[in-house]
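The values are calculated or read from the model by the stated rules, or taken from the named source; none is laboratory data. This one's a predicted model, so the numbers in the text were calculated from it and none came from an experiment. Cβ sites come from the backbone with ideal geometry, for glycine too, and all protein chains shown count toward neighbours. These area figures cover heavy atoms from the full protein model, side chains too; ligands, DNA and RNA do not enter into them. Shrake-Rupley method; radii C 1.70, N 1.55, O 1.52, S 1.80 Å.
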Amino acid sequence: MKAEYHDNKEEYLDYYDEVEVFAESSEAHSKSAIQVRNRSMIDRSDLIVCCIQHKSGGAYATIRYAEKQGKKIVNLADEKGIGF
């Protein structure tokens, strides 16, 4: 990602308000980079807003990590009227 961003920086900045490359995930093995990035986002957040419908998978594991960290979590799939 670092090379892709570096080579296309202007295009990214034209499209996105802000771009942040997580150093930890960019240096991690490709199979663990998403989990490393997700945990970094959780560590830096006070409020987690998600839409988790299944009790399995990477997103669910990330929310479980957030719970263990004592983060406030709003799961839109649990809200009335969402239709899930």
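When D43, D17 are checked against the criterion of being under 24 Å from E67 (Cα atoms), open to solvent by 40 Å² or more (accessible area, probe 1.4 Å) and out of contact with any Gly (no Cβ under 7 Å at 6 or more places or on another chain), D43 stands alone in meeting it.
Contact map, region 32-60: first residue without any contact (Cβ under 8 Å) to a residue 40 or more places away in the chain and part of a loop (DSSP other than H, G, I, E, B), second residue open to solvent by 60 Å² or more (accessible area, probe 1.4 Å) and hydrophobic (A, V, I, L, M, F, W, C), Cβ cut-off under 7 Å, separation 6 or more or different chains; pairs are C51/L76; Q53/F84.
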